[in-house]
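A quick write-up on the structure given underneath.
The values are calculated or read from the model by the stated rules, or taken from the named source; none is laboratory data. Values in this document were obtained by computation on a predicted structure and should not be read as measured data. Methodologically, a virtual Cβ is constructed for each residue, glycine included, from the backbone with ideal geometry; neighbour enumeration extends over all protein chains shown.
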Amino acid sequence: MRLEIPAFLIGACAASTVMAQAVGEWARMAPMVPRTYSCVRATKPIQIDGKLDDAAWQQAPWTEEFVDIEGSVKPKPKFRTRARMLWDDQNFYIAAEILEPHVWGTIRERDAVIFQDPDFEVFIDPDADSHQYYEFEMNALNTVWDLRLVKAYKDGGPALNEWHIAGLKTGVHVDGTINDPKDTDRAWTLEIAMPWAALKEFSRQACPPRDTDRWRVNFSRVEWQIETVGGYRKVPKTPEDNWVWSPTGIVDMHRPEKWGIVEFTTATMPNLAVKPGPVEAVRDVLQEVYYAQRTFHAKEKRFASTLAELGFAAGKPAAKLTLTVGNAGWEASVPFQDGKAAKKAAIRQDGFFSVE
C-alpha cells in the first residue's frame with residue numbers, strides 16, 4: 001500500500017499527539033451545528049457523465065453553499081461550491097457544482113493523493129459511530145482516490161488505501177477548457193454513483209437505507225492559490241483553502257461528529273425541516289467528555305478516572321452521566337429518551353460512539 005502523507009495531512013492526522021494538546025479543540029468545534037439534508041429517491045434514471053442535466057436532479061435541492069472548514073471565523077469562500085444527493089435501490093448519487101475561473105488538474109493515477117490538485121471530497125459514516133467510515137476524492141480529470149478509515153486519525157487510524165468502491169461510476173464536465181490558463185472558465189461539475197453493495201461492506205446500517213434512516217456525510221473542496229504565468233503553478237508557501245458543506249471548526253475533516261446529517265426519505269418532496277435530534281444532542285454531551293479527556297491526558301499524561309477530575313460538577317454536562325475506567329480504557333455513557341424509547345449512548349476512549 002502506498003499512502004503519502006503531505007504537509008496538510010500531517011497537521012491534521014499524523015501529528016495526533018500535537019492535536020491532543022490543542023486545549024481549545026472542543027471549544028472551537030462545539031458551536032458547529034451539523035447541517036442537514038433530506039435525500040429523496042430518484043424516480044428517473046441518471047446518466048453519470050458529470051453534466052447534471054438529467055431530469056432526476058430536479059428533484060434534489062442544492063445544499064447550502066460551502067463555507068470555510070473553520071466556520072464563520074474565516075472569510076467566505078471566493079468561489080461557490082454546492083452539492084446535491086439522490087438515492088435508489090442500487091446507488092447513492094452525489095452531484096456537485098464547483099465554480100472555478102481556472103479549471104486545472106495534474107494527477108491521473110488512481111489512489112494518488114488527489115488533494116494535491118483542486119478536488120472534491122466525500123466522507124460517509126453510515127453508522128454515525130466515528131469508526132469504519134469512507135473517504136472519496138476526485139479531481140477535474142476524473143481521477144479518483146477511495147479509502148476506508150478504521151477510525152479517525154486522531155484516534156490512531158489507520159487509513160486503508162487498498163479499499164475500493166466496487167462498481168463506482170463517476171463523471172466530470174468542464175464548462176470551459178481544462179488546463180488552459182489563457183482563457184477563463186466557469187465551473188466544473190461532477191456526478192458520482194456509489195453502489196450500496198460497496199457501502200454495506202463495513203456498515204451495520206441497512207443498505208440501501210430505509211425511510212428516515214440518517215447517515216453522517218460531509219463534502220470538502222480543496223482549493224489552491226495559483227499563478228497562471230507560463231502555465232499553472234501553486235503560489236509558493238501558501239496553504240490550501242478547505243471549503244466544506246458542514247464545518248468542523250478546525251482544519252481536520254476527520255471529525256465525523258460534525259459532519260452533516262443526511263436523512264433518506266421515500267417522500268416525493270424533500271423535508272427541509274430536518275433537524276438534529278436526541279441522538280445528536282446526547283452525542284454532543286459525550287463528545288464534551290471525550291475532548292475533556294484528551295485535554296486532561298495532554299496535561300497529566302493519564303486519563304481522568306472521575307468526572308470531577310475533568311472539571312464537571314454534579315449533573316454536568318448531563319444528569320446520570322457516568323464514567324468508567326478499566327483495563328481497556330475509559331468509557332462514558334448516558335441514558336436518554338428517543339421518542340417513546342429509552343436508550344443509552346456511550347463513547348469510548350478511541351472515539352467510538354454507540355447507541356443501545
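Annotations
- Among the residues of the stretch 324-356, those identified as touching a Leu at 6+ places or on another chain (Cβ under 6 Å) and either among the aromatic types (Phe, Trp, Tyr) or closer than 22 Å to GLY156 by Cα (or both) are ALA332, ILE347.
- ASN242 vs. criteria closer than 22 Å to VAL217 by Cβ, in contact (Cβ under 8 Å) with a residue 40 or more places away in the chain and either surrounded by fewer than 20 Cβ atoms within 10 Å (Cβ to Cβ) or not assigned by TED's automatic domain parsing to the domain that holds ARG210 (or both): no
- Subset of the stretch 298-321 (residues that are surrounded by 13 or more Cβ atoms within 10 Å (Cβ to Cβ) and either in contact with a His (Cβ under 7 Å, 6 or more places away or on another chain) or not in a loop (DSSP other than H, G, I, E, B) (or both)): ALA298, PHE303, GLU309, LEU310
- Within the stretch 92-101, none of the residues are in a loop (DSSP other than H, G, I, E, B) and of a type in the set (Gly, Ala, Ser).
- Flag for LYS301 being at positive phi, assigned by TED's automatic domain parsing to the domain that holds LEU323 and either free of Cβ contacts under 8 Å to residues at least 40 places away in the same chain or in contact with a Leu (Cβ under 9 Å, 6 or more places away or on another chain) (or both): yes
- The stretch 322-346, residues that are modelled with pLDDT of 95 or more, surrounded by fewer than 12 Cβ atoms within 10 Å (Cβ to Cβ) and closer than 24 Å to GLN293 by Cα: THR324
- For the stretch 30-45, the condition holds for at least one residue, the condition being that it is at pLDDT 50 or above, out of contact with any Ser or Thr (no Cβ under 8 Å at 6 or more places or on another chain), over 30 Å from ASN91 (Cα atoms) and in the same structural domain as LEU149 (by TED's automatic domain parsing).
- Residue that is nearest to the chain's Cα centre (by Cα) [pool: residues in the stretch 61-113 that are among the hydroxyl-bearing types (Ser, Thr, Tyr) and over 15 Å from ASN218 (Cα atoms)]: SER72
- Residue list for the stretch 161-212, restricted to those being surrounded by fewer than 19 Cβ atoms within 10 Å (Cβ to Cβ), closer than 27 Å to GLY277 by Cβ and touching a helix residue (DSSP H, G or I) at 6+ places or on another chain (Cβ under 7 Å): CYS207
- Within the stretch 114-128, restricting attention to residues that are β-branched (Val, Ile, Thr) and under 11 Å from the mean Cα position of the chain (by Cα), the residue that is farthest from CYS207 (Cα to Cα) is VAL122.
- Residues of the stretch 165-205 satisfying the condition of being of a type in the set (Gly, Ala, Ser) and either part of a helix (DSSP H, G or I) or under 18 Å from ASP111 (Cβ atoms) (or both): ALA166, GLY167, ALA197, ALA198
- Taken as a whole, the structure places ALA152 among residues that are assigned by TED's automatic domain parsing to the domain that holds TRP245, over 16 Å from TRP215 (Cα atoms) and buried (at least 19 other Cβ atoms within 10 Å of the Cβ).
- Search result, residues across the stretch 322-348 that are of a type in the set (D, E, K, R) and part of a loop (DSSP other than H, G, I, E, B): LYS340
- Residue within the stretch 262-269 that is over 30 Å from PHE120 (Cβ atoms), crowded, with 19+ Cβ neighbours inside 10 Å and of a type outside the set (A, V, I, L, M) present: no
- Subset of the stretch 70-88 [touching a Leu at 6+ places or on another chain (Cβ under 8 Å), within 30 Å of TRP196 (Cα to Cα) and in a loop (DSSP other than H, G, I, E, B)]: ARG80
- Selection from the stretch 125-144 of residues that are surrounded by fewer than 22 Cβ atoms within 10 Å (Cβ to Cβ), touching a helix residue (DSSP H, G or I) at 6+ places or on another chain (Cβ under 9 Å) and closer than 16 Å to LEU190 by Cβ: THR143, VAL144
- For ILE250, the stated conditions hold: it is out of contact with any strand residue (DSSP E or B) (no Cβ under 8 Å at 6 or more places or on another chain) and modelled with pLDDT of 95 or more.
- Near pairs, Cβ below 9 angstrom, 6+ apart or cross-chain, from the stretch 62-83 (aromatic (Phe, Trp, Tyr)) to any residue that is surrounded by fewer than 17 Cβ atoms within 10 Å (Cβ to Cβ): PHE66/ARG80; PHE79/PRO101
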